[in-house]
Structures are given as structure tokens and as C-alpha cells.
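Worksheet: one structure, shown below.
The values are calculated or read from the model by the stated rules, or taken from the named source; none is laboratory data. A quick note: this is a predicted structure, and the numbers were derived from the prediction, not measured. Positions of Cβ are generated from backbone atoms using ideal geometry, with glycine treated the same way; all protein chains shown enter the neighbour counts. Keep in mind that these areas ignore ligands, DNA and RNA; they rest on the heavy atoms of the full protein, side chains included. Shrake-Rupley method; radii C 1.70, N 1.55, O 1.52, S 1.80 Å.
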Amino acid sequence: MKQFLIVFLGGGLGSVMRYWVSKTLNPYFSNFFLGTFSVNILGCLLIGFIMGLSLKTNLLSQNQILLLVTGFCGGFTTFSTFAMESNMFLKDSNLLHFTFYTLISIVIGVLSVSVGLWVSKML
């Protein structure tokens, strides 16, 4: 039961942060969801860093990993919103924005996990 509460707490904090970032950044661009893109990329970087650090050292306990990775990063990042926004581009027949948003999100997301892992190895 304790682990469920830890994930619940981290997920709630991550969701609130995602909401704040999206509300702050999305209004600045009409053809790009900067808030969703930013939280997904930052979340990828953070997951890579935390997992790399936990694999390299015993600095984080299993409960801390649950709080930060499963909870916070799980609540902070949002694949479902990314998919919905991508679908909105398709609905508007905006294939160029759909392709750009989808490809850049996936490519930079994977690269961000790699950078996070790399940075954790440098410590």
C-alpha cells in the first residue's frame, strides 16, 4: 500500500507541473504544442538521468525511484495528449505540422533519454 501512495503522490505532483507548463507555454505558438513537447522531452531527459543514476549508484532507494520515475515522470509526461494533438493536425489536414511534431517529439525524446543516461554516467 505504501508504494501505491508514493506513486500517487509523485503522479499528482507531475500532473500539476505538466498542467502549469502546458498552460504557460502552449499559448505562445498557434501551430505547435510547445508545452506538451517540453514536458515530454524534459520527462525523457529526467527518466534517463534518474535511471542511469540509479543503475550506477545506490543513491536512490526503490521507493525514491517509484516516486520520481513511475510517479512524477509518469504524471509529468503525456503520450495521450501528444497523440491527441497529433490527431488534431491530421483532422485539420495539416500533414506538414503532423509530421514535424510527431518526428521531432519521438527523435528528440529518445535522444533526451540517451543524454540523461550519459549525464548520469559523467557524475
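Quick one: would you say ILE41 is surrounded by 16 or more Cβ atoms within 10 Å (Cβ to Cβ), more than 11 Å from the chain's Cα centre (by Cα) and under 30 Å from MET122 (Cα atoms)? Answer is no for this residue.
Residues in region 23-40 that are without any contact (Cβ under 8 Å) to a residue 24 or more places away in the chain, assigned to a helix (DSSP H, G or I) and of a type outside the set (Lys, Arg): THR24, LEU25, ASN26, PRO27, TYR28, LEU34, GLY35, SER38.
Consider region 80-97 and keep the residues that are without any contact (Cβ under 8 Å) to a residue 24 or more places away in the chain and within 22 Å of VAL21 (Cβ to Cβ). The one that is most open to solvent (accessible area, probe 1.4 Å) is MET84.
I'd like to check something: does region 44-64 contain any residue that is within 27 Å of PHE100 (Cα to Cα), at pLDDT 95 or above and open to solvent by less than 40 Å² (accessible area, probe 1.4 Å)? Yes, because at least one residue in region 44-64 is within 27 Å of PHE100 (Cα to Cα), at pLDDT 95 or above and open to solvent by less than 40 Å² (accessible area, probe 1.4 Å). So which residues in region 98-123 are in contact with a helix residue (DSSP H, G or I) (Cβ under 7 Å, 6 or more places away or on another chain), closer than 23 Å to GLY14 by Cα and touching a residue at least 40 places away in the same chain (Cβ under 8 Å), if there are any at all? Across region 98-123, the qualifying residues are TYR101, SER105, ILE108, GLY109, SER112, VAL113, SER114, VAL115, GLY116, LEU117, VAL119, SER120.
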